[in-house]
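Each remark here refers to the structure printed beneath this line.
What follows draws every value from the coordinates through simple rules; no lab data is involved. Quantities reported herein were computed from a predicted structural model and do not represent experimental measurements. Cβ atoms come from the backbone with ideal geometry, glycine included; neighbour counts cover every protein chain shown.
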Amino acid sequence: MERRFATLGVSRRWIGWDSLAAMNKSAWMVLPLALLLCACGSDAPRHGRWSPNATPRDENWHSPAAALLRYDANRDGILTRAELIAGLHAEFNTYDVSHSNCLGPDQVRAINQLRVQQDGSQATPLVDWNQDNCIDFNEFSGTSLSLFDTLDTNGDGQLTAQELNPAGARKPGTQQGGDGGRGRHGGHRGGGGYPGQ
């Protein structure tokens, strides 16, 4: 091929075959990058974006405090220590099919997998603390009872809505300060005057 161009008096370099080949090679390298960038800029809806007009998300989703409410037998929103212990005994007895007051390693593994499926990252696994290959009722109920004692701030043996969720006890849409959101200077914009006027 070079011979034919040489006879015409045109060199390969003058036509730019070398630069054309280099451009072709770089184009094949840039093409996948360009396609990747096009794929990233899609118009698909983005579900994780914040919107000021969206309904607030449930911050209590899968919280350990909310998990305690499943033991509220009379569904009055107040969990007593007696309700919690009765609910934990009933749950333990459903797993203890041999009625030996002992859950073996295979049972514990199955229960832990179920808890992870139900509660996700908030799951509390059963742990054989004394390493006797047996989870008894004390080990089964220890985490829930400890959480109950921690949340029962006034020590009355029951958890109210205020104790279960101190930040969420106020009604949605109300201001936290109690003054209707007007600030300390009343309803005036811009403040103006001295404090207390």
**Item:** Square roots of 5 times each gyration tensor eigenvalue, C-alpha, segment 64-164, largest first, Å
**Value:** 25, 14, 13
**Prompt:** Could you put 94, 124, 153 in order, starting from the residue whose Cβ has the fewest other Cβ atoms within 10 Å?
**Reply:** 94, 153, 124
**Prompt:** Sorting 135, 85 on the 10 Å Cβ count, fewest up front, what's the list?
**Reply:** 85, 135
**Fill in**
Least to most buried among 98, 144, 63, by other C-beta atoms within 10 Å and fewest first, runs 98, 63, 144
**Request:** Can you pull the one-decimal nm distance between simple spin-label points at residue 99 and residue 51, each 7 Å off the Cα toward Cβ?
**Result:** 5.6
**Asked** For segment 64-164, with only Lys/Arg (+1) and Asp/Glu (-1) charged at the beta-carbon, what is the dipole magnitude about the Cα centre, in debye rounded to 20?
**Response** 260
